[in-house]
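Step one of this worksheet: look at the structure below.
The values are calculated or read from the model by the stated rules, or taken from the named source; none is laboratory data. The model shown is predicted, which means the values in this text are computed figures rather than measured ones. All Cβ positions, glycine included, derive from the backbone under ideal geometry; neighbour counts span all protein chains shown. With ligands, DNA and RNA removed, areas are computed over all heavy atoms of the protein, side chains included. Shrake-Rupley method; radii C 1.70, N 1.55, O 1.52, S 1.80 Å.
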Amino acid sequence: MTESIFHPKPVDELTFTDDGMFQAVLRDPNICAELVERLLHIRVNHVEYPELEKTIAPYYTTKGVRLDVYIKDTDQIIDVELQSYPQEALGKRTRYYQSMIDMDSLIKGHDYSELKDSYILFICKHDPFKNEQGKLYGLSCYTFKNTCVENQIVNLNDKSLRVIYNASAYEKEKDERIKSFLHFIHTNEPGKDDFSNKLSALVEKIKDNEIFRRDYAAMNLHDRDLTRAAKREGAAQNAIKNAKALLADGKYSAQKISELLNIPVEAFSKDNQLSERITPL
């Protein structure tokens with residue numbers, strides 16, 4: 001079977017919301033600070049050079065996370081994520097991101113009180129929340145913090161906040177500066193907003209940067225290789241499943257099944273269950 005061809009988006013067609021470009025634009029600490037201050041309504045006193053696509057994997061047995069933009073301020077940590085496509089289990093994703101950020105920021109031996117204020121900011125092109133009937137809630141912004149169910153005046157005061165913007169509902173946003181930004185995210189049209197025009201101009205400038213063009217090409221090559229590897233692994237797992245079914249049916253010997261499906265006997269034989277994962281032949 002012929003492998004499907006990987007078609008990366010050409011550099012000249014990239015927009016602010018595309019993977020790679022978003023991170024590149026936010027390499028500018030001043031841009032980062034302005035975006036965060038506009039969307040989170042907080043003051044950013046100091047921004048260390050943003051760590052782009054930071055990977056946090058505390059232990060080899062844990063699932064690591066790759067954060068789009070990870071900003072450390074003087075007394076706060078801010079993770080900024082952009083989602084161009086609908087994502088499943090976004091709430092649980094923010095929960096896991098929060099746990100990894102806390103683990104990464106609290107040095108061994110330090111007290112819990114030394115945890116910095118934490119903000120997880122998601123900018124979504126599509127509404128990520130819908131009810132049990134599948135109807136979207138349609139808010140332009142969803143803000144989550146830990147409060148008491150019995151008395152919502154009582155705040156857990158864990159100094160963490162999760163803010164998720166829905167650009168598709170930009171018309172409902174009351175803050176004009178945020179509304180203009182969400183409109184830009186949704187349409188790629190900066191309009192008259194100074195900040196959106198600044199972002200748009202920076203995108204065009206970056207497109208002409210030879211280092212970015214080289215890095216973007218390398219990133220696409222890497223993603224293509226990962227996609228191919230995933231397809232091969234998926235095909236191998238299906239082959240193992242089919243081999244076990246044939247073996248249970250009893251019509252073919254393990255050796256014959258191995259020859260038919262081109263996988264080793266030990267991958268599916270009941271006599272050897274040590275290997276459940278194989279490298280496709």
Open item on the list: Working only with C-alpha atoms, what are the Rg and Dmax values of the stretch 117-215, expressed in angstrom?
Closed with: 17.5, 57
Open item on the list: Below 8 Å between Cα atoms, with a sequence gap of 6+, how large is the relative contact order for the stretch 146-203 in percent?
Closed with: 19 percent
Open item on the list: Rounded to the nearest percent, how much of the accessible area of the stretch 89-155 (1.4 Å probe, protein heavy atoms only) is carbon and sulfur?
Closed with: 52 percent
- [ ] Obtain the nm distance between the two label points defined at K145 and T74 by a simple spin-label model: each point lies 7 Å from its Cα along the Cα-to-C-beta direction.
- [x] 2.1 nm
Open item on the list: For a protection proxy built on the mean count of beta-carbon atoms within 10 angstrom, sort 160-166, 25-31 highest first, please.
Closed with: 160-166, 25-31
TODO: Can you tell me the FRET efficiency between E132 and D208 if r is taken as the Cβ-Cβ distance and R0 is 41 Å, rounded to the nearest 0.05?
DONE: 0.25
